[in-house]
Structure formats: structure tokens, C-alpha cells
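Notes follow the structure.
The values are calculated or read from the model by the stated rules, or taken from the named source; none is laboratory data. Please read these numbers as outputs of a predicted model, since none were measured by experiment. Cβ placement follows ideal geometry from the backbone for every residue including glycine, while neighbour counts extend to all protein chains displayed. Heavy atoms of the whole protein, side chains included, go into the accessibility calculation; ligands, DNA and RNA do not. Shrake-Rupley method; radii C 1.70, N 1.55, O 1.52, S 1.80 Å.
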Amino acid sequence: MSNTKFGSADIAPSEVAERRDDDDLFVLDVRNEDDYEEWAIGGSHNLPIYDELLDGDFSGLEAALDEIPEDKEIAVVCVGGITSDDAAGFLNERGYDARSMTDGMRGWGRVHQTYDVDERGVSQIVRPGTGCISYLVFDDGEALVVDPSQYVEQYGDMADERGLEIVGAVDTHAHADHVSGGREIADRFDVPYYLHEDDSGSLDEYTPLEDGETIPVGDRELDVLHTPGHTPGSASFEFGDAILSGDTLFLRSVGRPDLEDGSEDAIREAADDLFDSLQRLADLPDDTVVLPGHFSDEEIRPLATTLERLATDNELFQLVEEDDEELFVETIVESLADTPNNYQRIKHINWGDEPLDDDAEDLELGPNNCAAN
């Protein structure tokens, strides 16, 4: 065992996100296998030597040098960017071009990537590390932030770059997988925070959403559709020919109905509500562009499709189109995945029942599990 310490230069998580598909970047994750299998950067390679590296033991890394390409840049990943710094330094000493990813997987969870949705006045903000999606909808110099993350500076910077004034923040529902930045945006920019009353918890400083109302943004409006099921107050928003579907409808699945009450009777009742909500969305024009609130491993950017495509690509949405409510409910009940990490505490923060503590960032790290299957 060696106690030698090495150091290296850093590579930003945002650069790793931008270059994940590049042939000249090799992402080497040195975390333990269980941690890697639970949550990892897509396309990365796992060398489970984290505990060895903590003890200053580089023998496992040295034994695996033949598995690491010498003709590529190496981005080394760990939990917080410290152990990976030692590993990258060790590789550099042996002629590799290696850098440590800043802040490790914690940094990965903070990455936000922006994509414009054609010319619809919509920018989609994707967090590849968490599967969460937020939006900036805008018109005539004004912008509304939909489902913002807790990293509110991202949205202020985006608005400034586009010459937009933020006039409001809105959540499609009370999230269970990430801490909402909606209330902080409202405070910082002195604008309304919109949320459906059925998802408001203990909040008292918010503007309640109602089915059929509109939220003005520039010379356009965001139309509110109450689409319960994932949560009692889940809403979707029409903006021109697009529907921001939150956690009601995804590209390959639908929102899970068990995060409010996990009893089977409650799940079935919420699944019935979800079926009705999805039927309402299915009644929109076939060419309506669907912009979801989450994704899993879909590679298209922006993450968007049409209702017509979902009728063939999304098995649960097919059951809605076929009006098979019984099979829809049974399929959901039988196929629910593990619940999101720390989802109860996150929901209570978003409901205003618990304060936003310093550990809020760590609460939402890990895989996204808001889909029904």
C-alpha cells in the first residue's frame, strides 16, 4: 500500500456533459460498484477502487491501466472530486491525459443544459444528472420560469442573456425529487409564484392556479389544465402548440401515482385520476408538442415529441388512447419502481413544512424515479 498523493487539473461537470458523446473523452468512474449501478454518468466506465484510493492504495488502478485508453482524454469521477483528483494525478504521472471532474457526482447533479424548442418561445433546461427538466417560456421581453430547480441563478442568467424580464415562477406540482426554486425566484425578482392549491401544503405565499385560467407572459398566455394523478394538484400548461406536461406525461411513461399515499387503494384512485387527465391531453391536436418534466435515458435534445408519436412510442399512453383504464391501472400498480431518494423530505420542503437547509443540495442527488415504470 502506498500513501503517495497525486494532484491533477479539473474538468467541469458541464464540459463532461457537453462531451459525453465525444470519442476523445473517456469517463472513468472510480466509485464503488453499488454506487455506480445506482447512479452514473451515461457512457462512463466503472473501476470500483474507491475504498482502496481512500487508503492511498493505487495498486488496483495500476493493475487496470491496460483498460484505460492512452489516446483519449480521461475524466475521472468520484463522489466529491477529491479521490478522483488523486487518481487523475496518478494517471498523469504515467503519461495519461487525465483530469478530475470538479465536485464529483455532486457537481454532476448541478449541471443544467439549455436547448431552444424550435421557435416556440420556449427554452428547455435539462439536468442530465437528475433527469429533471425545467423551462423558460417567453414573449415580448418577458419570461416565466416553469419547474425551476433550487439553482435559481441559472434562470436569472438565462433571462439576462436573452434580454428578458422574469415575471413569474410556476410549478406543475409539488415535486418529490428536487427542491423547487419557485419561491426563491418569486422573492428575488418580486414576482408571483404559482401552484395549484391541492399541492400547496403549508404554503401561504403563493398564487393558486385554477383549471382554465391563463398566466400572461408578454403578449401570449400560458393556459392552465388541471391534470391530477401524479399529485392531486398536478397541472399541465399549454403554450401555443406545445404542452408542458410536468410529471403527468413523459416521452416513454407517465407520472407515478404513489408518492402522496402508498396504500394500494390510494394508488388505484390516483391512477384513475391520472387516466382521466391523460385522456384530456390525448384530446388535444395530434401535432401538439409534448414537453415533459422528466426524462430517463432518452438521448434526443430537446426532449420533445408529439402526441401522435406518443400514441405508438409510449405503452401506457397507448392504453389511454385505447380507453383501457383497467389495464392501465393494473400495469401501473404492478410496475412501480423504487421511490426517489429522500422524496418525503423534499416534498415537505416544497410544501413549506420544513426549512431549506444547507443539505438541500445532497437531498436530490441520485437517480430519478418519478415515472410509473
Worksheet entry | Members of the range 272-296 found to be over 21 Å from Val137 (Cβ atoms), touching a residue at least 40 places away in the same chain (Cβ under 8 Å), surrounded by fewer than 24 Cβ atoms within 10 Å (Cβ to Cβ) and not polar (S, T, N, Q), listed by number | Asp272, Asp273, Phe275, Asp276
Item to complete: Return the only residue of Gly246, Gly255 being open to solvent by less than 20 Å² (accessible area, probe 1.4 Å) and in contact with a Cys (Cβ under 8 Å, 6 or more places away or on another chain).
Response: Gly255
Discussion item. I need a count of the residues in the range 91-107 that are closer than 26 Å to Asp359 by Cα and either in contact with a strand residue (DSSP E or B) (Cβ under 7 Å, 6 or more places away or on another chain) or not in a helix (DSSP H, G or I) (or both).
Written reply: 7
Discussion item. Restricting to the range 142-171, name every residue that is surrounded by fewer than 24 Cβ atoms within 10 Å (Cβ to Cβ), out of contact with any helix residue (DSSP H, G or I) (no Cβ under 8 Å at 6 or more places or on another chain) and within 26 Å of Thr339 (Cβ to Cβ).
Written reply: Tyr151
Discussion item. Any residue at all in the range 303-312 that's open to solvent by 60 Å² or more (accessible area, probe 1.4 Å) and either touching a residue at least 60 places away in the same chain (Cβ under 8 Å) or under 21 Å from Ile267 (Cα atoms) (or both)?
Written reply: no
Worksheet item: Got a number for residues in the range 52-70 being within 15 Å of Val27 (Cβ to Cβ) and in a loop (DSSP other than H, G, I, E, B)?
Response: 3
Practice prompt. Please name all residue pairs, on different chains or six or more residues apart, with Cβ atoms under 7 Å, provided the first residue is in the range 210-238 and is on the phi > 0 side of the Ramachandran plot and the second residue is in a strand (DSSP E or B).
Written response: Gly212/Val224; Gly218/Phe138; Gly218/Asp139; Gly218/Glu142; Gly229/Gly255
Worksheet item: With respect to Arg120, is the statement that it is of a type outside the set (Ser, Thr, Tyr), more than 28 Å from Glu73 (Cβ to Cβ) and surrounded by fewer than 23 Cβ atoms within 10 Å (Cβ to Cβ) true?
Response: yes
Worksheet item: Among the residues of the range 216-235, is there at least one that is at pLDDT 95 or above, among the β-branched types (Val, Ile, Thr) and open to solvent by 10 Å² or more (accessible area, probe 1.4 Å)?
Response: no
Worksheet item: Counting only residues that are assigned to a helix (DSSP H, G or I) and buried (at least 22 other Cβ atoms within 10 Å of the Cβ), how many does the range 12-36 have?
Response: 2
Worksheet item: Is there a residue in the range 296-310 that is part of a helix (DSSP H, G or I), farther than 19 Å from Asp198 by Cβ and at pLDDT below 95?
Response: no
Fill in: Failed item, numbered, when Ala174 is tested on (1) open to solvent by 10 Å² or more (accessible area, probe 1.4 Å); (2) farther than 16 Å from Gly218 by Cβ
(1)
Discussion item. Can you report the number of residues in the range 336-364 which are in a loop (DSSP other than H, G, I, E, B), more than 22 Å from Gly129 (Cα to Cα) and open to solvent by 50 Å² or more (accessible area, probe 1.4 Å)?
Written reply: 3
Fill in: Members of the range 148-169 that are touching an Asp or Glu at 6+ places or on another chain (Cβ under 6 Å) and under 20 Å from Ala242 (Cβ atoms)
Val167
Worksheet item: Restricting attention to the range 322-366, and to residues there that are more than 26 Å from Gly104 (Cα to Cα) and among the hydroxyl-bearing types (Ser, Thr, Tyr), which single residue is modelled with the highest pLDDT?
Response: Thr331
Worksheet item: Taking the condition farther than 17 Å from Gly181 by Cβ, touching a Cys at 6+ places or on another chain (Cβ under 8 Å) and open to solvent by less than 70 Å² (accessible area, probe 1.4 Å), does Pro367 pass?
Response: no
Worksheet item: Is it true that Leu136 is open to solvent by 10 Å² or more (accessible area, probe 1.4 Å), within 26 Å of Ile215 (Cα to Cα) and over 13 Å from the mean Cα position of the chain (by Cα)?
Response: no
Worksheet item: Any residue at all in the range 98-112 that is open to solvent by less than 10 Å² (accessible area, probe 1.4 Å), more than 26 Å from Thr339 (Cα to Cα) and over 26 Å from the mean Cα position of the chain (by Cα)?
Response: yes
Discussion item. Looking at Thr231 and the list (1) closer than 29 Å to Asn369 by Cβ; (2) part of a strand (DSSP E or B), which single condition is not satisfied?
Written reply: (2)
Worksheet item: So, in the range 113-123, of the ones that are within 20 Å of Ile41 (Cα to Cα) and in contact (Cβ under 8 Å) with a residue 60 or more places away in the chain, which residue ends up farthest from the chain's Cα centre (by Cα)?
Response: Tyr115
Worksheet entry | Count - residues of the range 311-335 that are under 16 Å from Ser296 (Cβ atoms) and either outside any helix (DSSP H, G or I) or of a type in the set (Asp, Glu) (or both) | 3
